[in-house]
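Encoded as structure tokens, the structure appears first; notes follow it.
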Amino acid sequence: MSDGIKQFRGDRRHPGSRQKNPLAGLLAVAAVFAAVLLSIAGCSSPGNSYAEYRNLPREGWKYGDSLAFTPVHPDSLCRGRIVVGVRHDNDFPYSTLWLETTVEEGDRRLTDTLEIHLADRFGSWRGRGIGASFQMTDTVGRSFVHRSGTKVMVRHIMRTDTLRGLSQVGIFFIE
């Protein structure tokens, strides 16, 4: 190599020296940014999210019985969507569950309907679970501002007086 061209022989750093990863700085900045976003999110950050569930009677959920939830958020107002979760067993006689959610804000009522597909067209349960217990969630379509401590009501609107096969209903908020 006498003509001034050096042959590349790899990295010739001292064996004990640490090599710096160019992505390490970028990852550190991204981690700090994510932590700041989660702290700002308030109502929907994983450490601060609201979740509550109700056990249903063994004899079934009567048509006129509404389940009342009173979400309390870290902030007085929370913008987001309601997610409704249900837990059922093999005794649930339908493939679809119809629910109605109502949020009462003073004299104003926000009502929405959910159609939760619990089974596919072949009759196999779609939810996750262990043994004969399955869980499914669905999100209410519209986003709104929820005042901490305001009631959220959930009731079934199936065409039966008493709905059997459900064991729990719960709600939580996402942004």
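The values are calculated or read from the model by the stated rules, or taken from the named source; none is laboratory data. Since this is a predicted model, take the numbers as computed values, not measurements. Using ideal geometry, Cβ is built from the backbone for each residue, glycine included, and neighbour counts are taken over all protein chains shown. Ligands, DNA and RNA are excluded from the accessible area calculation, which covers all protein heavy atoms including side chains. Shrake-Rupley method; radii C 1.70, N 1.55, O 1.52, S 1.80 Å.
Would you grab the residues whose amide H sits under 5 Å from the one on ARG54? Only those 5+ places off in sequence or on another chain, please, with H modelled 1.01 Å from N.
Here VAL169, GLY170 satisfy the definition.
Heavy-atom accessible area of ILE174 with all protein chains present, probe 1.4 Å, nearest 10 Å²?
Accessible area, nearest 10 Å²: 60 Å².
In whole Hz, what ³J(HN,Hα) sequence does segment 139-146 give by Karplus (6.51, -1.76, 1.60; θ = phi - 60°), x for Gly and Pro?
9, 5, x, 9, 8, 8, 9, 10
What order do you get for 118-126, 67-75 when each peptide is scored by the mean count of other beta carbon atoms within 10 Å, highest first?
67-75, 118-126
On average, how much accessible surface per residue is there in segment 65-116, in Å², for a 1.4 Å probe, leaving out ligands, DNA and RNA?
With all protein chains present, segment 65-116 gives 50 Å² per residue.
Using only the alpha carbon atoms of segment 128-175, find the Kirkwood hydrodynamic radius as the inverse mean reciprocal pair distance, in angstroms to one decimal.
13.9
Under a crude label model (7 Å from the Cα following the beta-carbon direction), how far is ALA132 from ASP112 in nanometres?
Using points 7 Å along Cα→Cβ, the separation is 3.4 nm.
Which whole-Hz couplings ³J(HN,Hα) result when phi for each residue of segment 93-100 is put into the Karplus expression 6.51 cos²θ - 1.76 cosθ + 1.60, θ = phi - 60°, listed in order with x for Gly and Pro?
x, 10, 8, 10, 10, 9, 10, 10
With Kirkwood's inverse mean 1/r over C-alpha pairs for Rh, give me the Rg to Rh ratio of segment 83-175, two decimals please.
1.00
GLY60's amide H: which non-local residues (gap 5+, or another chain) put their own amide H closer than 5 Å, with H modeled 1.01 Å from N in plane and none for Pro or chain starts?
Counting only residues 5 or more places away or on other chains, the set is empty.
Given labels modelled 7 Å from the Cα in the Cβ direction, how far is it in nm from THR160 to GLU105?
It works out to 3.5 nm between the two label points.
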